[in-house]
Structure formats: C-alpha cells, structure tokens
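Below: the structure, in structure tokens.
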Amino acid sequence: MPLIWNQKGGVAKTTNNINIGAELAKRGKNVLLIDLDAQGDLTRGLGLNHQDINWLEDIFNEISLQKPPHEISQTLRDSIQKKTFQISGSTQTYSISLLSHEPNKLKNFINQGHTNFSNPRELMFRVFSILREYYDYILVDLPAEFNIGYLC
C-alpha cells in the first residue's frame, strides 16, 4: 500500500497522490484514494465534495460490535465516491474512487482516541484489508503532522 508522507507541509503529497492515482487508473487499474488529511485538499483536488458522513466512526463501531466483514465492507463501499475523467485529446475515460471525510468529523474522530484500538494502525489496517479485495491500489493522503509510525 503506497503511502506518500512527509512531515513538512506543502511538498506536493496531495498532488502526487492525485497524479499517481490518475496514471494508474489510466493504465486500467482500480484505484482508491483515501483522504485522511483534515484539510481535505485531496477531495477538492478531484473536484468532489467532502462526505458529510463519519465512516471512520461507523467502521470503528462495527468492528467493536464484531459485525461480520461483509457488513463492514458494505459500509465502506457505500461511503466511496467515484469520479470519471476524460483523457485529453481522446474519447477514453478513467475513474478514480475516493473515500473522503468531512474535515471537522475527521478531526473529532482523531482527537477522541478510541480505547478498543491500541493505535490508529489497527483500525486502518482493518479498513485496508477489507478494501484491498476491491482495488488494485489504495493511496492514502495523510497530514504533515501525522506520526507515520502509527501506520507502519
């Protein structure tokens, strides 16, 4: 799972996620971008709106309640938006899927901390393991201040 990460802001992490995702999608790969930066620039960069949902909270609750994986999978897939682009100078198109979050809900979820998971890595690896069945590539846009040790 590619992670584009740097502790400095303004170094083109979001732009690289969009460009790499687009290039993979143009090559016929099924690509999911996940916007976990509360600034939400990845979502805006794709020309989509932030989802006014709290999929992280929903998934956290479903895992805590030990719901079956297919129910968790459906919640995630219901939260994904898809954007189709036309390749310039061509009639061909490609699509990119996006799992976004309303910025304030994302901040609140991160700030709450959840006792059932020792760190965010466990929750996100559950999410990734469910979604990898549907996507060739999952790229994650993280904020500069995020501690990469939580995911690696």
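Since every read-out is calculated from the coordinates, none of them should be taken as a lab result. Here the structure is a predicted model, which means the values were calculated and not measured. In this analysis, Cβ positions are derived from the backbone assuming ideal geometry, glycine residues included, and neighbour counts consider all displayed protein chains.
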Inter-label distance for residue 78 and residue 26, nm, one decimal - labels placed 7 Å from Cα along Cα-to-Cβ:
3.6 nm
Would you mind ranking 84, 75 so that the residue whose beta carbon has the fewest other beta carbons within 10 Å leads the list?
84, 75
Among 45-53, 86-94, 14-22, what's the highest-first ranking by average C-beta atoms within 10 angstrom per residue?
14-22, 45-53, 86-94
Can you tell me the length gained on complete extension of the stretch residue 64 to residue 11, counting 0.36 nm per residue apart and subtracting the Cα distance?
15.4 nm
What is the spin-label model distance, in nm, from residue 112 to residue 128 if the labels are put 7 Å beyond Cα along the C-beta direction?
2.3 nm
A correct Karplus calculation of ³J(HN,Hα) over the stretch 21-29, with 6.51 cos²θ - 1.76 cosθ + 1.60, θ = phi - 60°, whole Hz and x for Gly and Pro, returns x, 5, 5, 5, 5, 4, 8, x, 7
In the stretch 25-49, which residues have a backbone nitrogen under 19 Å from the label point lying 7 Å from residue 92's Cα in the Cα-to-Cβ direction?
25-32
